Amino acid sequence: MLLNKNDKIEIDIDSCGLDGSGVGRYEGMAVFVRCAIPGEKIRAHIIKAKKNYAAGKIEEIIVSSPDRIESPCPVYGRCGGCSFGHMKYEAEIRAKENHVKECFRRIGGLNPEFEETLAAKKIYGYRNKAQFPVRKDGDKLLMGFYSPRTHRVIHCPGCLLQPPEFEKILGVFENYINEFNVPVYDEESGKGLIRHIYLRKGTASGEIAVCPVINGKSLPAEDELVKMLTACCESIKTVVINENPESTNVVTGEKCRTVYGPGYITDTLCGLEFRLSPLSFYQVNRDQAERLYGKAAEYACLTGKETVLDLYCGTGTIGLTMAKNAGRIIGVEVIPEAIEDAGINAETNGIENARFICADASKAAEELKTEGIKPDVVILDPPRKGCAREVLETVAEMKPERIVYVSCDPATLARDCGIFRELGYETVKAAACDMFPRTGHCETVACLTRSFASR
Ligand code: SAH
């Protein structure tokens, strides 16, 4: 073994990953050091030594990087939410950009033109959604975020990424849980009632939805809870209880029951109004979502005649914001509440050329192909795991001129773009859009066109 646990080594850091770890080489072997920055020389204390790599923590910074800053967050490093708090934002953007390029190169074997990253204008307070796990540590009530790679909850009062109201709302839940002796969920035994507090705020509208996720059918004194919430924060427009009785890492269950307000909030995005139910997906950074959709529209290059297939459409946001420049929009989404929202969103905004289908993307694509639908442009915006291979194959068989692929995971994006190349589609350009400043997440949009050979 080249290195052993508890060794102390000096190492130059030359790159960094999305988890905020710096990477250096020790006699050729990669050593990952948490919070070390490219350009730094570090004395590292080895905490894990494997045959092919090692991990260490900083014992001393011998040469510090000009990109190093003090994180303004009191729980930075203990909470797993952020990974770039110790770096200037420009350095974070460089790290994310390099990561996306490397994914395209290594995983996809691709080298698209890389456009300037859409860096965020606001790096704190940008999130519109949080799901706080609720746990007990002895007698202590904890509501916050998980520490890195564990399910230990770190109490995070005043998280800098969230809207300020969220902290006040957590305060109400703390009082409510104590006053009414509400049993708190325990992951190991599967017992206890209250699991998560899921909050969403319309950044433009100011409206807030409060959604306690519970392991049961109802909460004690629900009327009292509603009174306490609405008295504390008048922006609360709805309270919805979500039932999740499963032993799972997935936060929300399938069933929602509205106990106050209409059961949804609205927000405006790209000049349109969107209704958002708790189970419907909505981009967590509204301001950056507008810029992301702007880039997607640029890549879609619509002239007013096109048939646009928007797969994984959520509440219809991407397709609906393109509808006035398209012939027609067909949206596909698997969550029924989201599809219901999408239909209403089209109606509210007076959009008549959109149709929505509630189905799995691969099944719907196959059926649309059989129906003889020939989209000119296909939008793909799948969850982190990317598209099923059948989706890629069916999309290619429909022979659209262009595919716009929006992705929150550069690795699966690169994999899928690599497969598209085999299927006759070339990734011509891509841009990263930083939807998640300070965290290790990175959004990318890519433009693929039908290659000459497949015509
Ligand atoms: N384009 C939307 C939503 C993107 S998130 C927006 O920008 O707001 C990805 C969406 O894909 C989610 O709404 C999720 O419910 C949906 N989804 C996940 N798996 C799916 C599948 N197999 N078929 C169709 N939709 C799916």
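The values are calculated or read from the model by the stated rules, or taken from the named source; none is laboratory data. None of these values were measured; they are calculated from a predicted model. Cβ: placed from backbone, ideal geometry, glycine included. Neighbour counts: every protein chain shown. Surface accessibility is based on the protein's heavy atoms, side chains included, excluding ligands, DNA and RNA. Shrake-Rupley method; radii C 1.70, N 1.55, O 1.52, S 1.80 Å.
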- Under the Debye formula (equal points on every Cα, no solvent term), log10 I(q)/I(0) of the chain at q = 0.06, 0.09, 0.14 Å⁻¹: -0.29, -0.66, -1.35
- Item | Dipole of the range 318-455, positive direction: furthest Cα of ALA430, ASN349, VAL445, with charges on the beta-carbon | ALA430
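Counting only protein heavy atoms and a 1.4 Å probe, tell me what percentage of the range 1-109's accessible area is made up of carbon and sulfur. If you can, show how the numbers build up before the last one.
Numbers: 2770 of 5660 Å².
C and S fraction of accessible area: 49 percent.
Want the number for LYS227 to GLU187: 0.36 nm per residue separation, take away the alpha-carbon distance, what's left?
On the way: separation 40, 0.36 × 40 = 14.40 nm, distance 2.91 nm.
Stretched fully, the LYS227-GLU187 segment lengthens by 11.5 nm.
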- Note on the structure: The FRET efficiency for TYR124 and GLU254, from their Cβ-Cβ distance with R0 = 30 Å and rounded to 0.05, is 0.35
- Between THR348 and GLU179, what FRET efficiency comes out of the Förster formula 1/(1 + (r/R0)^6) with R0 = 51 Å and r the beta carbon distance, rounded to 0.05? 0.85
- Task: At 7 Å along the Cα-to-beta-carbon direction for both LYS369 and SER64, put a label point, then send me their distance in nm to one decimal.
- Result: 5.8 nm
- Query: What's the extension gain from THR268 to ASP19 if we count 0.36 nm per residue and subtract their Cα-Cα distance?
  - Reply: 86.4 nm
- Query: Hey, what do the phi angles of the range 106-121 turn into as Karplus ³J(HN,Hα) couplings, whole Hz, using 6.51/-1.76/1.60 and θ = phi - 60°, x for Gly and Pro?
  - Reply: 6, 8, x, x, 10, 9, x, 4, 9, 7, 4, 5, 7, 6, 6, 7
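Return one whole number: the accessible area per residue of the chain in Å², for a 1.4 Å probe.
Numbers: 20170 Å² over 455 residues.
Per residue, the chain has 44 Å² of solvent-accessible surface.
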- Linear extension gain, TYR146 paired with ASN325, 0.36 nm per residue minus alpha-carbon span: 60.1 nm
- Qualifying aspartates and glutamates (Cα of each under 17 Å from Cα of LYS101; at least 8 residues distant if same chain): ASP14, ASP19, GLU90, GLU92, GLU113, GLU115, GLU116, ASP409, ASP416, GLU426, ASP434, GLU443
- Query: Which entries in the list LYS191/LYS255; LYS96/LYS385; LYS129/LYS295 go over 26 Å, if you measure between the two C-alpha atoms of each?
  - Reply: none
- Message: Quick check: at a probe of 1.4 Å, how many percent of the accessible area of the range 232-384 sits on carbon and sulfur atoms?
- Response: 49 percent
